[in-house]
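Student: Let me give you the structure first, and then I'll get to my questions.
The values are calculated or read from the model by the stated rules, or taken from the named source; none is laboratory data. All figures in this text were calculated on a predicted structure; none of them were measured in a lab. Using ideal geometry, Cβ is built from the backbone for each residue, glycine included, and neighbour counts are taken over all protein chains shown.
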Amino acid sequence: MFGKDLTEGRVSSHLTNLTIPMFFGMSSMVIAAMVDIVYVGRISPDQLAAMGFCFPIIMISISVSIGFSTAATSIIARQTGSHNHQAVSETATCGLMLWILLSIAYVALIYFIRLPLLELLGAEGAVLQLAISYLEIWLLGYLLFALVMFLTNMLRGTGEAFLPGLVVLLSAVVQAIISPFLIFGLLGVPRLEIEGAAWGFVISRALILGWPLWILGRRFPLLQAANLRLDRIRLVWPEMLRIGIPAVMTNLTGPVSLAVVTIVLASHGSVIIAGFLIFGRIEAISIMVLAALASSIVPFAGQNWASGQFDRAHKSLLLSYRFCLIYGAAAAALLILLADPIISFISFDEGVQQVAWLILLWVAPTFAFLGTAQVSAAVFLALGQARPVFIMGLARVLFVYVPLIWLGNRYFGYVGVFVATALTNALMALIAYWWARVFLSRQRQRR
């Protein structure tokens with residue numbers, strides 16, 4: 001078997017072994033981005049605000065990559081659980097070719113509509129020009145980033161956790177090391193400021209790309225040119241798109257919500273946007289362990305369900321819910337206690353600090369709900385059922401979040417937007433929890 005067999009051994013041990021490397025990899029990526037924000041924030045509020053306006057587009061782009069990569073993880077995990085090694089290799093090779101074509105098309109689209117997108121988000125004047133300069137360079141790195149993410153997620157589908165996490169970790173470490181030289185012009189390097197942050201992202205991904213390609217091509221010989229046949233493509237591509245498109249659309253609901261919030265908050269000024277950006281990074285780091293746990297459910301539940309180990313898949317869900325509640329409560333309490341030193345370290349501006357603190361106060365207590373919703377969504381994706389996740393994501397944006405944001409902003413200003421976020425997180429988590437439990441129960445009865 002490629003990777004690791006997850007159908008035997010303690011459930012909690014497998015989840016821990018899958019989650020920890022993913023957590024360090026994902027956290028390092030967010031921390032590297034946070035470091036860029038700290039550096040750019042030292043230059044000027046306008047440059048920090050420019051990054052804030054790019055943030056929704058960046059999150060949309062990353063969500064597209066995560067959604068499609070999760071589809072690959074789901075398919076490969078179930079094929080691995082069924083011990084169909086040839087199918088794993090065919091999915092990896094043909095799926096990678098499809099993703100390369102799709103990611104190139106996506107980057108071209110975003111590049112051509114970058115100006116109206118940023119204007120729609122509320123950027124204008126000098127801040128708009130800074131945002132355009134940053135985004136144009138960042139898109140080059142996204143092509144490399146998307147490829148690395150797809151490769152590492154295919155590895156996770158086989159049950160291999162350490163190497164994917166290490167690849168992501170090293171790319172983030174490289175970015176954190178080279179970014180200050182490019183931003184501030186250290187040791188004779190040209191001072192590029194906000195553009196230096198974007199170039200740090202590009203260079204770090206370019207330097208690390210060869211390693212996952214070597215792993216999948218040599219160490220785990222999943223990428224085989226012989227599998228690029230028309231009959232194989234006709235089998236792999238439709239299945240990849242069947243799961244990938246709803247998964248991408250589901251992941252887009254979060255960034256689209258973020259974009260809506262950015263548009264609403266932009267009317268209150270760049271200080272509000274900068275504070276919102278700081279909270280977004282703090283939140284991303286704080287709930288990263290929950291996101292890592294949810295991503296671990298996909299290969300674990302996928303392998304066990306395909307091999308008929310239904311009780312193990314169900315147990316992984318219960319253990320994950322329990323962890324979300326305990327961790328979410330502890331993380332929220334700790335963040336609220338340490339909010340002042342954390343926020344003041346990132347930004348010296350008192351107005352920005354106050355906004356970030358208000359968002360943290362309202363939204364941090366709902367971290368447990370966010371984790372619960374993520375784990376529930378992961379169960380559906382693990383079994384190749386992306387439609388329920390898409391329905392919940394669409395309902396979150398259209399019927400819950402956007403109406404609550406509109407009401408909150410209308411009657412309570414930007415603070416009402418933060419309250420709307422907290423209420424949405426709680427409500428949608430309860431719905432996702434109920435649906436996942438009912439779905440698993442019915443699937444077990446049918447099998």
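Student: Here is a check on your reading of the model: is H314 outside any helix (DSSP H, G or I) and not basic (K, R)?
Tutor: Judged against the criteria, H314 is not a match.
Student: In addition: Within the range 155-206, can you find the residues that are small (G, A, S), buried (at least 18 other Cβ atoms within 10 Å of the Cβ) and either touching a His at 6+ places or on another chain (Cβ under 9 Å) or modelled with pLDDT under 85 (or both)?
Tutor: Across the range 155-206, the qualifying residues are G157, G159, A161, G165.
Student: Same structure, new question: Residue check: is A71 farther than 17 Å from I110 by Cα, in contact with a Pro (Cβ under 7 Å, 6 or more places away or on another chain) and at pLDDT 85 or above?
Tutor: So A71 fails the test.
Student: Restricting the search to the range 283-312, which residues are of a type in the set (F, W, Y) and either at pLDDT 85 or above or crowded, with 24+ Cβ neighbours inside 10 Å (or both)?
Tutor: Of everything in the range 283-312, those that are of a type in the set (F, W, Y) and either at pLDDT 85 or above or crowded, with 24+ Cβ neighbours inside 10 Å (or both) turn out to be F300, W305.
Student: Looking for whichever is part of a helix (DSSP H, G or I), β-branched (V, I, T), at pLDDT 90 or above and touching a helix residue (DSSP H, G or I) at 6+ places or on another chain (Cβ under 9 Å) here; the options are I343, I326, I273. Which one fits?
Tutor: I326
Student: Looking for something within 24 Å of the chain's Cα centre (by Cα), outside any helix (DSSP H, G or I) and either without any contact (Cβ under 8 Å) to a residue 12 or more places away in the chain or closer than 30 Å to I273 by Cβ (or both) - is there at least one such residue anywhere in the range 108-120?
Tutor: Checked against the condition, which is being within 24 Å of the chain's Cα centre (by Cα), outside any helix (DSSP H, G or I) and either without any contact (Cβ under 8 Å) to a residue 12 or more places away in the chain or closer than 30 Å to I273 by Cβ (or both), the range 108-120 yields at least one hit.
Student: Looking at (1) in contact with a Ser or Thr (Cβ under 8 Å, 6 or more places away or on another chain); (2) within 25 Å of I177 (Cβ to Cβ); (3) not charged (D, E, K, R), find the lone condition where T70 falls short.
Tutor: All conditions are met except number (2).
Student: Another one. Anything in the range 128-154 that is at pLDDT below 90 and either farther than 16 Å from R205 by Cβ or touching a strand residue (DSSP E or B) at 6+ places or on another chain (Cβ under 7 Å) (or both)? List them, or say none.
Tutor: M154
Residue-by-condition table, conditions (1) assigned to a helix (DSSP H, G or I); (2) surrounded by fewer than 19 Cβ atoms within 10 Å (Cβ to Cβ); (3) free of Cβ contacts under 8 Å to residues at least 40 places away in the same chain; (4) of a type in the set (A, V, I, L, M, F, W, C):
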residue	(1), (2), (3), (4)
V355	yes, no, no, yes
G371	yes, no, no, no
V375	yes, no, no, yes
I405	yes, no, no, yes
N409	yes, no, no, no
A426	yes, yes, no, yes
R442	yes, yes, yes, no
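Student: Looking at the range 77-99, is at least one residue in contact with a Gly (Cβ under 6 Å, 6 or more places away or on another chain), part of a helix (DSSP H, G or I) and crowded, with 19+ Cβ neighbours inside 10 Å?
Tutor: Yes, there is a match, as at least one residue in the range 77-99 is in contact with a Gly (Cβ under 6 Å, 6 or more places away or on another chain), part of a helix (DSSP H, G or I) and crowded, with 19+ Cβ neighbours inside 10 Å.
Student: Please specify each residue of the range 183-204 satisfying the condition of being more than 16 Å from L135 (Cα to Cα) and either free of Cβ contacts under 8 Å to residues at least 24 places away in the same chain or under 28 Å from the mean Cα position of the chain (by Cα) (or both).
Tutor: Within the range 183-204, G185, L186, L187, G188, V189, P190, R191, S204 meet the criteria.
Student: Sort through L209, L140, L228 and tell me the only one that's surrounded by fewer than 19 Cβ atoms within 10 Å (Cβ to Cβ) and over 23 Å from the mean Cα position of the chain (by Cα).
Tutor: That would be L228, the only listed residue that is surrounded by fewer than 19 Cβ atoms within 10 Å (Cβ to Cβ) and over 23 Å from the mean Cα position of the chain (by Cα).
Student: Would you pick out the residues in the range 5-29 that are among the hydroxyl-bearing types (S, T, Y) and under 16 Å from A172 (Cβ atoms)?
Tutor: Within the range 5-29, S27, S28 qualify.
Student: I would also like to ask the following. Out of curiosity, is V64 surrounded by 23 or more Cβ atoms within 10 Å (Cβ to Cβ), within 24 Å of Y134 (Cα to Cα) and among the β-branched types (V, I, T)?
Tutor: Yes.
Student: Now a separate question. Quick one: A123 ticks every box in (1) touching a Pro at 6+ places or on another chain (Cβ under 7 Å); (2) among the hydrophobic types (A, V, I, L, M, F, W, C); (3) not in a helix (DSSP H, G or I) except a single one, so which number is it?
Tutor: That leaves (1) as the condition not met.
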